[in-house]
Amino acid sequence: MSDLRRRALAGGKTISRKARSKPESGLSSSTHSPNGSPANSRAGSRAPSRANSRPGSRYASEDEFASDSENDDIMTMSTNSVEGDDDSEGLAWAERLQDRVAELQDRKRSSVQGREATLGAYNHLLKHHFAQRQLDRSVAELMPVFLRLIRSGSSDEEKLRALKAFTLTLLTCSSETVFEHALPVLKSTCHDSEEEDVKVEAIYALSIAVTYGGGSATAADETLDFLLEIVESDGHSVGAADSGPVVTAAQQAWAFVASHMDDLTEHSESAIEAFMEQLDSSDPEVQTSAGVNIALLFESAREYEEETGESFGMQYNQHRIMTRMSEIVRDSSKGVSKKDRKHLRSNFSSIVTSLERGKGPGYSTAGRSGPNPHTGGAKTDEEGEFQEFGYRERIRIYNQFLLINTWSLHARVEMLKILLGGGFPVHYLENPVVRDIMSSAEVEFVTQKTKK
């Protein structure tokens, strides 16, 4: 488990009419209250940030990281959220956050619609701002509130938003004790909720809780077993029979937790069998996440054998896996959308190259030959030698490029994209928990050109 650090960030004051219209305020111009009428609060409850978005907003789009980049080689992330705010709005977010915290703590004067609106506003603020300092004094009281709403919320939407609030709060303020309290609630939600989206969010929350909420190595092992059971049973183990989103979430969460573990030998055999079976799924997202996890297991095997000199003990034929993936890509044109087909082919091509060459994700075998003195090039020691482009999967955040060259790091990035969306850049720059998650990424600083 990771050794996490904690840091502080200053906040501010005042709220303008313009700011009140933002989803993070929890207010509407017609009600000016988080506990307004159902008609007003429900209108934007599902996706508050999208409902109030407008051209030129300083917030990055949530959809920006919900789908693949148009460029298969480089993922470029928005930096709008880290390039400075209007003074009044920049100072006001901390006060709005404190108002939302006070509303969450007030159990008596709230309606289900009001709580949904408050949770939505709270989540929006935590996605787009690093608020550890603002939450430090209240986080111990907030966590039980979230767990109570997850367990006995009055609506599926309230439970869904409470789960997101729990996860975002834990990413902001890591804990050494919350996991033991959260585990039974999160598992029960996975089993008992009838809403697919709630099960998915509970699975994500569980993966963050065990890694940054005080879970032990034993707890991480047990969590991997729980998640693998969901995969092996096609979702039946949590009452989500043949649910693509639930199985995909379980595989993504499995990869995230596994990326924090030093030794996966005990899990390798059962895991690779389960993921190989999911390659036959009719859902491209299930197939892709299964393929990523297979690549992660082979990467773990290579690292284990290099470090210990011992066999990882995973008896599986790489050639058989690559052949199966090639068949999937070939047959993907049947009944699959163009977008899903492109996504599947890109990922499986990366995975096959990884297995063939012992590389990480996004490795390009394309390249160019070295300088040739007979065609005007300078003579060098590498005369005529073919040079591969190598790793092409990168994330740009402001003036930094983060190289994603391991499947372990890839799994972490995918989870952060899901949980933080357009708020990823500001959290990477300011949040020690997110920096810890991304600590293995190689960073290249880009020189900014100054305008004359």
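Return yes when residue 319 is modelled with pLDDT of 80 or more, closer than 18 Å to residue 278 by Cβ and of a type outside the set (S, T, N, Q) and no when it is not.
On the way: modelled with pLDDT of 80 or more: yes; closer than 18 Å to residue 278 by Cβ: no; of a type outside the set (S, T, N, Q): yes.
Judged against the criteria, residue 319 is not a match.
Take the conditions without any contact (Cβ under 8 Å) to a residue 24 or more places away in the chain and either surrounded by fewer than 23 Cβ atoms within 10 Å (Cβ to Cβ) or out of contact with any Leu (no Cβ under 6 Å at 6 or more places or on another chain) (or both) and apply them to residue 305. Does it pass?
Values: without any contact (Cβ under 8 Å) to a residue 24 or more places away in the chain: yes; either surrounded by fewer than 23 Cβ atoms within 10 Å (Cβ to Cβ) or out of contact with any Leu (no Cβ under 6 Å at 6 or more places or on another chain) (or both): yes.
Criteria met by residue 305.
Count, please, the residues in region 344-368 that happen to be among the hydrophobic types (A, V, I, L, M, F, W, C) and free of Cβ contacts under 8 Å to residues at least 40 places away in the same chain.
Within region 344-368, residues that are among the hydrophobic types (A, V, I, L, M, F, W, C) and free of Cβ contacts under 8 Å to residues at least 40 places away in the same chain number 2.
Check off (1) of a type outside the set (Ser, Thr, Tyr); (2) surrounded by fewer than 18 Cβ atoms within 10 Å (Cβ to Cβ); (3) at pLDDT 95 or above for residue 275 and give me the number that stays unchecked.
Only one criterion in (1) of a type outside the set (Ser, Thr, Tyr); (2) surrounded by fewer than 18 Cβ atoms within 10 Å (Cβ to Cβ); (3) at pLDDT 95 or above is unmet by residue 275, namely (2).
Just to be sure I understand, how many residues within region 260-272 are assigned to a helix (DSSP H, G or I) and either open to solvent by 50 Å² or more (accessible area, probe 1.4 Å) or of a type in the set (Ser, Thr, Tyr) (or both)? Break it down into steps so the answer makes sense when it comes.
Taking region 260-272 as the starting set, the residues that turn out to be assigned to a helix (DSSP H, G or I) are 265-272.
Now narrow it down to the ones that are either open to solvent by 50 Å² or more (accessible area, probe 1.4 Å) or of a type in the set (Ser, Thr, Tyr) (or both): 265-266, 268-270.
Matching residues across region 260-272 total 5.
Of all residues in region 131-182, how many are of a type in the set (Ser, Thr, Tyr) and in contact (Cβ under 8 Å) with a residue 60 or more places away in the chain?
Residues of region 131-182 that are of a type in the set (Ser, Thr, Tyr), as a first pass: 138, 152, 154-155, 167, 169, 172, 174-175, 177.
Subsequent filtering for residues that are in contact (Cβ under 8 Å) with a residue 60 or more places away in the chain retains 167, 172, 174.
Total meeting the criteria: 3.
Pull out all pairs, ordered by first then second residue, where Cβ-Cβ is under 6 Å, the residues are six or more apart or on different chains, the first lies in region 396-419 and is of a type in the set (D, E, K, R), and the second is open to solvent by 30 Å² or more (accessible area, probe 1.4 Å).
396/76
The values are calculated or read from the model by the stated rules, or taken from the named source; none is laboratory data. Everything numeric here is computed off the predicted structure, so don't read it as measured data. When we count neighbours, we look across all protein chains shown, and the Cβ atoms used for this are built from the backbone with ideal geometry, even at glycine. SASA here: full protein model, heavy atoms, side chains in, ligands and nucleic acids out. Shrake-Rupley method; radii C 1.70, N 1.55, O 1.52, S 1.80 Å.
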